[in-house]
Amino acid sequence: MGFPVEFLWGGASAANQCEGGIFEGGRGLANVDVCPSGPDRNAVIIGHRKMFQMDEEHQYPAAGGVDFYHRYREDIQLMGEMGFKVYRMSIAWTRIFPNGEEEMPNEEGIAFYEHVFQECRKYRIKPLVTISHFDCPIHLIEKYGGWRDRRMIDHYLRLCRVLFERYRDYVTHWLTFNEINMILHAPFMGAGLCFGNGENEEQVKYQAAHHELIASALAVKLAHEMNPENKVGCMFAAGAAYPYSCRPQDVWEALLTDQENYFFVDVQARGYYPSYAVKRLQKKGVYPVMDGGDEKLLREYPVDFISFSYYNSRCIAAEEQETAEGNLFKSAKNPYLKFSEWGWPIDPLGLRITLNQVYDRYQKPLFIVENGLGALDCPDADGYVSDDYRIDYLREHIRAMKAAVEEDGVDLMGYTSWAPIDLISAGTGEMKKRYGYVYVDRQEDGSGTLNRIRKKSFYWYQRVIESNGEVL
Ligand code: BGP
């Protein structure tokens, strides 16, 4: 009993939130670089305020990140010390293709990730690579309008081909798009979409999503052709939708919310547009334009496994209720739950429920690739953080995951918590919202030594991994 011996314990990060060095190594500019911190961030990430370059008035925290670009050796060494079996990381598209359309890749960018993979190998850490964690080259946004244009598929596949070829010796596990359903909630950050006045946003989003779904299917095809060892997964922002009450109207609304979320995975895992989506998108007049061969492609190349982030469950009411924050989208406030300092519900049992729902629905191996607590950490005089609150959060979620594996029979490949080393928040651009087992001395105003300091949770997680989840 317990977790299988090959269970993949580790942590997850994203290039744009940790690397920094955005003007180094021949890298080009991307959407994720120009999302400022502060009050304008939201308008930018939802595509209502166009920002295609940096200006003087705003701060751009991704520009420096936490300097993983220069400190990856130390960071991976720390992961090795915790006993990581896997490190989920992403590739900055613009390090490989600075403007997205070059014929030949940027060798300096290729070398950077090769060095990262070599460091991982030293500690026997398997990389799990997200091909696009929200990244889209600015040049492609200016020229094509991001993923609304079908030609994005070719540019994305050119990136995939280079990655599959050049990292063949290092990587066998890939994720095509991070939180693909985020395109509905943060379309500029997620897919480089900006909207004109009066434009039908939903139509653009579903058309862009269709292009990503085709790109994802073609990436599966290519990955399998280029290396039969390759396994490709999809990735979505999960979190069961609970009805606010047993009123049928609330139950119905919760079901609709779940369907909106599962739509992407339904296509990527089952290989076709589910009937509810066909009907509803047609009725709203936002059913995407498809090419003749699209349906066949989707059917022929479903993903090998399903990964997801889980931070919180959602609570859905037919009538207006007080709301709570959550991973990029709000929902009704669940009176039975406690909340994080950022107002996100804390619901470990919700993870077990989500695991069961996803497994029941798809019957494919699952991978939890993000889960964690964003909190304010207060280091003592020596810089040490006693983050018992984080340990409590993670312990309860790991217990729930364990029950799903041991008692419910869910086929789970691994768990990568978000994020092993503190980094910049995707939702708010803040540095003070920390998730790590390792504290990074970078403050909200950009000051700090960038030194890495192990937190209490570092030693706790080390024991969890060492005991394969037995000592919690
Ligand atoms: C997910 C993203 C991550 C990550 C995480 C935590 O949406 O995939 O990139 O940042 O959420 O969210 P936040 O950084 O907003 O706290």
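Give, to the nearest whole percent, the P(r) tail of segment 8-466 beyond 30 angstrom, counting all Cα pairs. Show your work: numbers first, answer last.
Working: 42601 of 105111 pairs.
Considering segment 8-466, 41 percent of its Cα-Cα pairs are separated by more than 30 Å.
Counting other beta carbons within 10 Å of each Cβ, put 37, 275 in order, fewest first. Mind showing how you got there, number by number?
Details: 37 19, 275 9.
Ascending number of Cβ neighbours within 10 Å: 275, 37.
Using packing as a proxy for protection, rank 243-254, 205-216 so that the peptide with the highest average count of other Cβ atoms within 10 Å comes first. Let's see the in-between values first.
Numbers: 243-254: 15.9, 205-216: 23.6.
Highest mean packing first, the order is 205-216, 243-254.
Among bridges DSSP assigns within segment 8-466, what percent are antiparallel (round to 5)? Intermediate values should be presented prior to the final figure.
Working: 9 of 45 bridges.
Among the beta bridges of segment 8-466, antiparallel pairing accounts for roughly 20 percent.
So which trypsin sites (Lys or Arg not before Pro) in segment 93-151 end up in coil per DSSP with only 13 or fewer other C-beta atoms within 10 Å?
Listed in order of number, the matching sites are 124, 151.
Taking the Cα centre of segment 8-466 as origin, work out the dipole magnitude from +1 charges on Lys and Arg Cβ and -1 charges on Asp and Glu Cβ, in debye rounded to 20. Write out the running numbers ahead of the final one.
Working: 52 positive and 66 negative charges, 197 e Å.
The dipole of segment 8-466 has a size of about 940 debye.
Take 315, 378, 194 and order them by how many other Cβ atoms sit within 10 Å, fewest up front. Kindly include the intermediate steps, with their values, before the conclusion.
Numbers: 315 27, 378 8, 194 21.
Fewest-to-most Cβ neighbours within 10 Å comes out as 378, 194, 315.
Calculate the FRET efficiency for residue 278 and residue 381 from the Cβ-Cβ distance with a Förster distance of 45 Å, rounded to the nearest 0.05.
0.15
Just tell me which aspartates and glutamates come within less than 19 Å, Cα to Cα, of residue 122; anything on the same chain fewer than 8 places away is out.
The reachable aspartates and glutamates, counting only those whose Cα sits under 19 Å from residue 122, are 6, 74, 75, 81, 114, 169, 466.
Can you return the lysines within cross-link range of residue 433? Criterion is Cα-Cα under 28 Å, with same-chain partners fewer than 8 residues away left out.
In chain and number order, the partners are 50, 85, 126, 330, 333, 338, 402, 455, 456.
Looking at segment 312-409, which GluC sites (Glu not before Pro) are in a loop (DSSP not H, G, I, E or B) and have at most 11 other Cβ atoms within 10 Å?
Details: sites: 319, 320, 322, 325, 341, 370, 396, 406, 407; in loops: 319, 320, 322, 325, 341, 407.
Filter output for segment 312-409: 319, 320, 322, 407.
By DSSP, what percent of the beta bridges with both residues in segment 201-346 are antiparallel, rounded to the nearest 5?
Working: 4 of 13 bridges.
Antiparallel bridges make up about 30 percent of those DSSP assigns within segment 201-346.
If I stretch the segment between residue 295 and residue 444 completely, what's the gain in nm (0.36 nm per residue apart, minus their alpha carbon distance), one decimal? Before the final figure, lay out the partial values.
On the way: separation 149, 0.36 × 149 = 53.64 nm, distance 4.72 nm.
Result: 48.9 nm gained on full extension.
Taking the beta-carbon count within 10 Å as an exposure proxy, list 453, 424 from fewest neighbours to most.
Numbers: 453 17, 424 27.
The most exposed by this proxy come first: 453, 424.
Determine the distance separating the Cα centre of segment 425-472 from the Cα centre of segment 148-200; give it in Å without decimals.
Each part's Cα centre sits 28 Å from the other's.
Bear in mind that the values in this text are calculations on the coordinates, not laboratory data. In this text the structure is predicted, and so the values were computed from the model without any measurement. Positions of Cβ are generated from backbone atoms using ideal geometry, with glycine treated the same way; all protein chains shown enter the neighbour counts.
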